[in-house]
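Undergrad: Pasting a structure here, questions to come.
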Amino acid sequence: MYFELTEEQRMYQEAVRDFCDRELAPYATQVDQTGEMRWEAIRKMPQLGLTGLQVSEDYGGAGLDSISAAIAIEEVGRACGSTGLSLAAHNGLCCFPINRWGTTDQKQKYLPRLTSGEVLGALALTEPNAGSDLVGGVRTSAVKEGDSWIIDGHKAWITNPKYAPVIITLTRTDKNAGAKGFCMLLVEPQYEGVTVHHPEKKMGLKASPTQQITYDNVRVPIIEGTLGEEGKGFHQTMETLDGGRISIGALSVGLAQAAFEAAMKYAAEREAFGGKITQFQAIQWMIADAALEIEAARLMVYRAAWLKDQGKNFTKEAAMAKLMASEVAEKVSFNAIQIHGSYGYSQEFPVERIYRDQRLMTIGEGTSQIQRLVIARRVLQEYGLG
Ligand SMILES: Cc1cc2nc3c(=O)[nH]c(=O)nc-3n(C[C@H](O)[C@H](O)[C@H](O)COP(=O)(O)OP(=O)(O)OC[C@H]3O[C@@H](n4cnc5c(N)ncnc54)[C@H](O)[C@@H]3O)c2cc1C
């Protein structure tokens, strides 16, 4: 299969890269050190559709195809990991479900604000005792009382709640119905009983807020607050994560690309044994492997995105792309530090930050072990063995 970006996709890539080189990359160290995102840049993002990548234009989005959306997340990730993760979660985990399953009223209420560049949205699935195993572990419950849901529970490790006008919350509405007993609810942080806790102190992605949320007798109106069909919450979660994995794959490619470029720049300047270190075959092999693996990961991300746009099933391909890209980011940024020697271990050079930032990619939106599980199940089915 011959593959090339379309003229439109290429031009969009150039425009986003130019924006990120000006507005994000020069501030990435500062953002990491202060733990605060650069809102001055985020407010300008709607001009390029970055805060509503696949939201329809009627609601202030860019209505882009999935390859362009992946390109955008890759470029933001190449410039700043924290901004990349928050933007990926905003687009893939919050805007997507509202755009996909929201009623016209819900879309009108939330999407124009979400795409405005003034806020970032959130999706709360994970709990202190439920990550990979949501069906077995989710305890956050919603029960009907009159015309409202009453939510009680606790979510953990949630990206963006501090900035979110709405937190989509996965709740268990029927504890005897297994995967069919879930519902996605639209919870506004100012509702009585919602507490958004302080951001966690993390290894990397320090400016992307990761927070716990407590729900204490929170009342959500049934008609306005139910996203999609009752009982379909788990199914919606799986569909959302399929798309989210393309996004985390793209973010991983962006982080790997940034580490690769920094390593090449350093290698071209550093001298040892009477010449540039680029003369050593050991360094050249690391450069060759990085170039090869980044390209392979990027193509896998594009393929999963292309399948999504064709309306074909892309669960296996999204899991493969996320798994491959996140493991490539780990290896490339590890070797980028190696190429820098001691300087790679210093905060003076960006590879130290990139290495910390990329570490999340094999964990968030399904660990590498879970991706392998998803892939194995699909492959066994394809061979009539599962
Ligand atoms: C920075 C950050 C941002 C995040 N953002 C969000 C967000 O916005 N929204 C949200 O809902 N969540 C978010 N998360 C949570 C994240 O998605 C979960 O942490 C992740 O899915 C793993 O869940 P867990 O931590 O409970 O690990 P566990 O499920 O407890 O897994 C622990 C270990 O056991 C392994 N394991 C578990 N089950 C199996 C199995 N069946 N087979 C083999 N191995 C297995 C795992 O791979 C892992 O190695 C975020 C997390 C972080 C760190």
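Undergrad: Test ASP133 against the criterion of being of a type in the set (Asp, Glu), closer than 20 Å to GLU365 by Cα and surrounded by fewer than 22 Cβ atoms within 10 Å (Cβ to Cβ), and give yes or no. Lay out the reasoning, then the answer.
TA: Numbers: of a type in the set (Asp, Glu): yes; closer than 20 Å to GLU365 by Cα: yes; surrounded by fewer than 22 Cβ atoms within 10 Å (Cβ to Cβ): yes.
Judged against the criteria, ASP133 is a match.
Undergrad: For the stretch 264-281, state whether one or more residues are within 21 Å of GLN106 (Cβ to Cβ) and either hydroxyl-bearing (Ser, Thr, Tyr) or buried (at least 21 other Cβ atoms within 10 Å of the Cβ) (or both).
TA: Of the stretch 264-281, the ones within 21 Å of GLN106 (Cβ to Cβ) are none.
No: zero hits.
Undergrad: Now for a different question. Can you tell me which residue within the stretch 142-177, out of those that are surrounded by fewer than 17 Cβ atoms within 10 Å (Cβ to Cβ) and among the small types (Gly, Ala, Ser), is farthest from THR237 (Cα to Cα)?
TA: GLY146
Undergrad: Residue pairs, Cβ under 9 Å, 6 or more apart or interchain, first in the stretch 293-314 and without any contact (Cβ under 8 Å) to a residue 12 or more places away in the chain, second exposed (fewer than 14 other Cβ atoms within 10 Å of the Cβ). List them.
TA: Listed pairs, sorted by first residue: LEU307/ASN313.
Undergrad: Separate question: What number of residues within the stretch 296-315 satisfy the criterion of being in a helix (DSSP H, G or I) and either touching a Gly at 6+ places or on another chain (Cβ under 8 Å) or surrounded by fewer than 18 Cβ atoms within 10 Å (Cβ to Cβ) (or both)? If you could, list the steps in order and put the result at the bottom.
TA: In the first step, residues of the stretch 296-315 are kept if they are in a helix (DSSP H, G or I); the result is 296-309, 315.
Remaining after also requiring either touching a Gly at 6+ places or on another chain (Cβ under 8 Å) or surrounded by fewer than 18 Cβ atoms within 10 Å (Cβ to Cβ) (or both): 296-297, 299-301, 304, 308-309.
Summing the residues that are in a helix (DSSP H, G or I) and either touching a Gly at 6+ places or on another chain (Cβ under 8 Å) or surrounded by fewer than 18 Cβ atoms within 10 Å (Cβ to Cβ) (or both) in the stretch 296-315 gives 8.
Undergrad: Look at the stretch 34-61 and say how many of its residues are within 20 Å of LYS206 (Cα to Cα) and free of Cβ contacts under 8 Å to residues at least 24 places away in the same chain.
TA: Within the stretch 34-61, residues that are within 20 Å of LYS206 (Cα to Cα) and free of Cβ contacts under 8 Å to residues at least 24 places away in the same chain number 2.
Undergrad: Among the candidates GLN211, GLN281, GLN257, which residue alone is within 23 Å of ASN129 (Cβ to Cβ) and outside the structural domain of CYS20 (by TED's automatic domain parsing)? Steps first, please.
TA: Working: GLN281 fails: within 23 Å of ASN129 (Cβ to Cβ); GLN257 fails: within 23 Å of ASN129 (Cβ to Cβ).
Answer to the check: GLN211.
Undergrad: Oh, and also: Which one is nearest to GLN212 (Cα to Cα) among residues in the stretch 157-180 that are basic (Lys, Arg) and out of contact with any strand residue (DSSP E or B) (no Cβ under 7 Å at 6 or more places or on another chain)?
TA: Initially, the stretch 157-180 is screened for residues basic (Lys, Arg), giving 162, 172, 175, 180.
Now narrow it down to the ones that are out of contact with any strand residue (DSSP E or B) (no Cβ under 7 Å at 6 or more places or on another chain): 175, 180.
Values: LYS175: 23, LYS180: 25 Å.
Checking each candidate, the answer is LYS175.
Undergrad: Here is a further query. Only one of these is part of a helix (DSSP H, G or I), outside the structural domain of ILE73 (by TED's automatic domain parsing), exposed (fewer than 15 other Cβ atoms within 10 Å of the Cβ) and of a type outside the set (D, E, K, R): ALA329, ALA291. Name it. Even if it seems obvious, please write down each step before you answer.
TA: Numbers: ALA329 fails: exposed (fewer than 15 other Cβ atoms within 10 Å of the Cβ).
After ruling out the rest, the residue left standing is ALA291.
Undergrad: Is one or more of the residues making up the stretch 105-113 near the ligand (Cβ under 10 Å from one of its atoms) and out of contact with any Lys or Arg (no Cβ under 9 Å at 6 or more places or on another chain)? Break it down into steps so the answer makes sense when it comes.
TA: Quick first cut of the stretch 105-113, residues near the ligand (Cβ under 10 Å from one of its atoms) only: none.
No, that holds for no residue.
Undergrad: Moving on to the next point. Could you give every pair whose Cβ atoms fall below 8 Å, whose first residue belongs to the stretch 365-386 and is without any contact (Cβ under 8 Å) to a residue 60 or more places away in the chain and assigned by TED's automatic domain parsing to the domain that holds GLU330, and whose second residue is assigned to a loop (DSSP other than H, G, I, E, B) and within 12 Å of the ligand (Cβ to nearest atom), counting only separations of at least 6 or pairs across chains?
TA: VAL374/GLY366
Undergrad: Limited to the stretch 136-152, what total is found for residues that are closer than 24 Å to CYS95 by Cβ and either outside the structural domain of PRO199 (by TED's automatic domain parsing) or within 13 Å of the ligand (Cβ to nearest atom) (or both)? Reasoning before the result, please.
TA: First, pick out the residues of the stretch 136-152 that are closer than 24 Å to CYS95 by Cβ: 138, 140, 142, 149, 151.
When the remaining residues are screened for being either outside the structural domain of PRO199 (by TED's automatic domain parsing) or within 13 Å of the ligand (Cβ to nearest atom) (or both), the result is 138, 140.
Number of matching residues: 2.
Undergrad: If I go through the stretch 159-176 residue by residue, how many of them are away from the ligand (no atom under 12 Å from the Cβ), under 19 Å from GLY137 (Cβ atoms) and in contact (Cβ under 8 Å) with a residue 12 or more places away in the chain?
TA: Within the stretch 159-176, residues that are away from the ligand (no atom under 12 Å from the Cβ), under 19 Å from GLY137 (Cβ atoms) and in contact (Cβ under 8 Å) with a residue 12 or more places away in the chain number 5.
The values are calculated or read from the model by the stated rules, or taken from the named source; none is laboratory data. All values derive from a computational prediction rather than experimental measurement. Cβ sites come from the backbone with ideal geometry, for glycine too, and all protein chains shown count toward neighbours.
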